[in-house]
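Peer 1: First, the structure itself, so that you have it in front of you.
Nothing in this text is a laboratory measurement; each read-out follows from the coordinates by a stated rule. Everything numeric in this text was worked out from a predicted model, so none of it was measured. As a convention, Cβ positions derive from the backbone with ideal geometry for all residues, glycine included, and neighbour counts pool all protein chains shown.
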Amino acid sequence: MTPPKLSSVDTPARILRTEEELASLTASERIRYRLVSADKRYHANDNIAAFVREGELTELKAEVQAKMAEVLKALVIDTESDHNTNETAQRVAKMYLEEVFRGRYVPMPSVTEFPNAERLNELMIVGPITVRSACSHHMCPIIGKVWIGLLPNEHSNLIGLSKYSRICDWIMSRPQIQEEAVTMLANELQERVRPDGLAIVMEADHFCMHWRGVKDTETAMVNSVMRGAFLKDANLRREFLSLLPNRKTG
Ligand SMILES: [Zn+2]
């Protein structure tokens with residue numbers, strides 16, 4: 001085993017800390033230590049599954065629960081006698097780790113790719129796929145839809161239709177920024193399917209806009225990524241955009 005690199009973010013007394021030594025730290029400190037040692041980014045929309053050991057998600061949940069209880073305390077909510085908020089810290093921790101931010105902590109769902117035996121080379125559209133995410137700025141829900149356009153070639157790998165939703169869900173189940181989310185999804189699909197062209201359109205409601213700030217109830221944010229043939233060929237791009245079913249705006 002090579003000793004982890006000493007980083008300016010974390011200055012331990014010694015360079016090498018064994019897993020036994022790390023065991024005395026909290027789970028979040030241990031995971032952070034591994035990330036920093038490996039020089040890996042751990043922004044809100046990054047997946048850190050490779051740095052989480054077995055059992056540590058349960059520990060993380062307990063940590064988040066304890067901190068969430070502190071947040072409620074700081075909000076001067078009497079969680080002891082208020083039956084409504086009695087178990088809120090526990091519920092929120094579970095929701096974050098196991099549901100809405102799960103895509104940060106678990107590896108990508110396994111996807112079987114198969115060769116394009118039929119040599120499909122026509123525009124394929126997948127969607128609308130329901131998007132459930134949260135914004136990194138306010139941790140408020142983002143609810144919307146994604147459409148994916150693919151122009152496969154004979155060397156492309158194809159993946160089952162349901163897998164597009166699973167990959168999308170894995171990327172969206174993190175605190176996200178819509179522009180970054182569509183780019184992440186495009187990168188993942190580009191690498192797996194290797195099509196001649198890839199187009200993604202995401203249209204979503206940002207609840208931080210409804211609930212706070214401008215309180216505008218009409219705004220949906222639309223983002224798109226166009227790659228390969230969709231960039232070069234305006235007709236293909238138009239065809240894709242005209243075929244998107246159930247779009248609110250356009
Ligand atoms: Zn926001």
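Peer 1: About the Cα centre of the stretch 121-250, how large is the charge dipole given +1 on each Lys and Arg Cβ and -1 on each Asp and Glu Cβ? Please answer in debye to the nearest 20.
Peer 2: It works out to roughly 220 debye.
Peer 1: Can you list the HN-Hα couplings for the stretch 52-57, worked out from phi with the Karplus curve (6.51, -1.76, 1.60; θ = phi - 60°), rounded to whole Hz and with x for Gly and Pro?
Peer 2: Once θ is set to phi - 60°, the couplings for the stretch 52-57 become 9, 8, 4, x, 6, 5 Hz.
Peer 1: Which whole-number value in Å³ per residue fits the convex hull of the alpha carbons of the stretch 92-205?
Peer 2: That works out to 89 Å³ per residue.
Peer 1: In whole Hz, what ³J(HN,Hα) sequence does the stretch 76-84 give by Karplus (6.51, -1.76, 1.60; θ = phi - 60°), x for Gly and Pro?
Peer 2: 6, 10, 7, 5, 6, 9, 7, 4, 5
Peer 1: Now for a separate question. Could you grab the relative contact order for the chain? Cα pairs under 8 Å, six or more apart, rounded to a whole percent.
Peer 2: 16
Peer 1: Which is farthest toward the positive dipole end of the stretch 102-250 among PRO152, LEU198, PRO245, measuring Cα position about the Cα centre, with Cβ charges +1 (Lys, Arg) and -1 (Asp, Glu)?
Peer 2: Checked the options; the winner is PRO245.
Peer 1: State which stretch of the chain is the longest one without any exposed trypsin sites (Lys or Arg not before Pro), exposure meaning a DSSP loop state and at most 11 other Cβ atoms within 10 Å.
Peer 2: Result, exposed sites excluded: 120-211.
Peer 1: Let me ask another. Put a dot 7 Å past each Cα toward the Cβ at ASP82 and ALA44; how far apart are the dots in nm?
Peer 2: Result: 2.3 nm between the two label points.
Peer 1: What ranking of MET124, MET108 emerges when the number of other C-beta atoms within 10 Å of each C-beta is taken as an exposure proxy, fewest first?
Peer 2: Least crowded to most crowded, the residues run MET108, MET124.
Peer 1: Number of Lys-Lys pairs in the chain under 19 Å by Cα, sequence gap 8 or more or different chains?
Peer 2: Lysine pair count for the chain: 7.
Peer 1: Still on this structure, I have one more. Can you tell me the orientation of helix 161-172 relative to the chain, as the angle in degrees between its alpha-carbon axis and the longest Cα principal axis, to the nearest 10?
Peer 2: Helix 161-172 sits roughly 40 degrees off the main axis of the chain.
Peer 1: Report the local net charge at PRO152: Lys and Arg +1, Asp and Glu -1, summed over other residues whose C-beta lies under 14 Å from its C-beta.
Peer 2: -1
Peer 1: In the chain, which cysteines lack any other cysteine Cβ under 4.7 Å from their own?
Peer 2: Lacking a cysteine Cβ partner under 4.7 Å: CYS135, CYS168.
Peer 1: Hey, another quick one. Can you work out the base-10 log of I(q)/I(0) for the chain at q = 0.12 1/Å, using the Debye formula on its C-alpha atoms alone?
Peer 2: For the chain, the Cα-only Debye profile gives -0.85.
Peer 1: Then there's this: Which angle from 0 to 90°, rounded to the nearest 10, does the C-alpha axis of helix 27-37 make with the longest principal axis of the chain?
Peer 2: 60
Peer 1: Could you please rank TRP170, TRP211, placing first whichever residue has the fewest other Cβ atoms within 10 Å of its Cβ?
Peer 2: TRP211, TRP170
Peer 1: Set Lys and Arg Cβ to +1 and Asp and Glu Cβ to -1, take the dipole of the chain about its Cα centre, and tell me which of VAL71, THR58, LEU236 lies farthest positive.
Peer 2: It is LEU236, whose Cα lies furthest towards the positive end.
Peer 1: Can you give the longest run of the chain that contains no GluC sites (Glu not before Pro) sitting in a DSSP loop with at most 12 other Cβ atoms inside 10 Å?
Peer 2: That gives 155-217 as the longest site-free run.
Peer 1: Among LEU25, LEU150, LEU161, LEU236, which comes first, then next, by fewest other beta-carbon atoms within 10 Å?
Peer 2: Ordered by Cβ neighbours within 10 Å, fewest first: LEU161, LEU25, LEU236, LEU150.
Peer 1: Of GLN90, ILE142, MET124, which is farthest towards the positive pole of the chain's charge dipole, taken about the Cα centre with +1 and -1 on the beta-carbons of Lys, Arg and Asp, Glu respectively?
Peer 2: So the residue we want is MET124.
Peer 1: Could you size up the charge dipole of the chain around its Cα centre, putting +1 on the beta carbon of Lys and Arg and -1 on that of Asp and Glu, and report it in debye to the nearest 20?
Peer 2: It comes to approximately 400 debye.
Peer 1: Please get the size of the charge dipole for the stretch 160-199, origin at its Cα centre, with Cβ charges of +1 on Lys and Arg and -1 on Asp and Glu, quoted in debye to the nearest 20.
Peer 2: So the magnitude is around 200 debye.
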